[in-house]
Structures are given as C-alpha cells and as structure tokens.
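Heads up, the thing below is written out as structure tokens.
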Amino acid sequence: MGAQVMGKSKGGGRRGRRARTGRMSEINVTPFVDVMLVLLIIFMVAAPMLTVGVPVELPRTSAGALPAEQEEPLSITLTAEGQVLLMSTEIGQDDLITRLRAIAEQRTNRKVFLRADGSIPYERVVQIMGALNAGGFNDIGLVTEQGGPRFDGQGN
C-alpha cells in the first residue's frame, strides 16, 4: 500500500468556485430586512400617538399599573371644565347611562377606566362612578399618575 500524494487542481474539485454559468439559488433577504426595519421604526414612532387621550391633570399616587387586558377597556374622562368624554367623544350628562348600557350589551369586558382631573370635586367623581355602575360597568379603575405620596414614611 503506497501513499498517494494528491496535488491541488486548479478548479479545486468540489470545494472550488462555482461555475460562472450556474444560477444562484439563494434568496437575497437584504431588501426584506431593510423594509422590515423601516416599518419597525414607523410603528415605534406612531404607536405613542395612537393612545386615546384628553389632556387632564391626573392626581399622583404610588400605586402600580394594572395588567394589560385583551379587549380595550372603555375610558371615561372628566376634564377640569366639567366635560364628560366617552373615549374621545364628548357626551351629555343625560345621555351617559343610556350610552353606557348600549355599550355594555356589546362588550364582554365590564372594565372601565375613569380619568378625572385632579381639580374635580370628589362628589362629581363619585357621581360619575354611580352612573358607570348604573350603566353596567362595575369594574372601575381610577387612572392616576405615578410618583405621589406613599404614606409609609419612605419618601414621596
């Protein structure tokens, strides 16, 4: 048995260069990745602008945020001027319970977020909470800003 020395051939055998006449069978994903990154940036910029909101000065509290829901909860806002807004639409005080009952029939989630300006008297907030309960929404979450007093002697 003799050892054979194999020399390198110019073409390199199997590991050599691909023939120039062959077709390239790989998919170029660079344009796809570019488009996806652009879309990601657009959504990251646009998402904060899509939140429903009316400018109100929310009171501050040390409570944490509630976990996210699968169905978007209903939002009621009381402005400093005394306006009542259902999501982002102003609604009259006389129509509130009627509209809430109609919405409650269509929804499975009875959760509602109450956003009230900090300057609104407590009596008015409780009256709206009573209207929400009469309208079929008994799971009321009061929306506040974080950073208020903790009342445990460990800071504000």
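Structure notes:
- Residues of region 91-118 classified as in contact with a strand residue (DSSP E or B) (Cβ under 7 Å, 6 or more places away or on another chain) and not polar (S, T, N, Q), total: 12
- Region 101-138, residues that are part of a helix (DSSP H, G or I) and not hydrophobic (A, V, I, L, M, F, W, C): ARG101, GLU105, GLN106, TYR122, GLU123, ARG124, GLN127, GLY130, ASN133
- Any chance ALA104 is at pLDDT 85 or above, surrounded by 14 or more Cβ atoms within 10 Å (Cβ to Cβ), among the hydrophobic types (A, V, I, L, M, F, W, C) and touching a helix residue (DSSP H, G or I) at 6+ places or on another chain (Cβ under 6 Å): no
- Summed over region 139-153, the residues that are out of contact with any strand residue (DSSP E or B) (no Cβ under 6 Å at 6 or more places or on another chain) and β-branched (Val, Ile, Thr) give a count of 0.
- VAL84 vs. criteria surrounded by 11 or more Cβ atoms within 10 Å (Cβ to Cβ) and modelled with pLDDT under 75: no
- Qualifying residues in region 121-135 (those that are in contact with a helix residue (DSSP H, G or I) (Cβ under 9 Å, 6 or more places away or on another chain) and under 13 Å from ILE76 (Cα atoms)) - the one surrounded by the fewest Cβ atoms within 10 Å (Cβ to Cβ): ALA131
- Test for ASP139: is it over 16 Å from ILE76 (Cα atoms) and either surrounded by 12 or more Cβ atoms within 10 Å (Cβ to Cβ) or without any contact (Cβ under 8 Å) to a residue 40 or more places away in the chain (or both): no
- Residue within region 85-94 that is assigned to a strand (DSSP E or B) and more than 22 Å from LEU50 (Cβ to Cβ) present: no
- Test result for GLY141, part of a strand (DSSP E or B) and at pLDDT 75 or above: yes
- Count of residues meeting criterion [among the acidic types (Asp, Glu) and within 25 Å of the chain's Cα centre (by Cα)] in region 81-104: 1
The values are calculated or read from the model by the stated rules, or taken from the named source; none is laboratory data. Please read these numbers as outputs of a predicted model, since none were measured by experiment. As a convention, Cβ positions derive from the backbone with ideal geometry for all residues, glycine included, and neighbour counts pool all protein chains shown.
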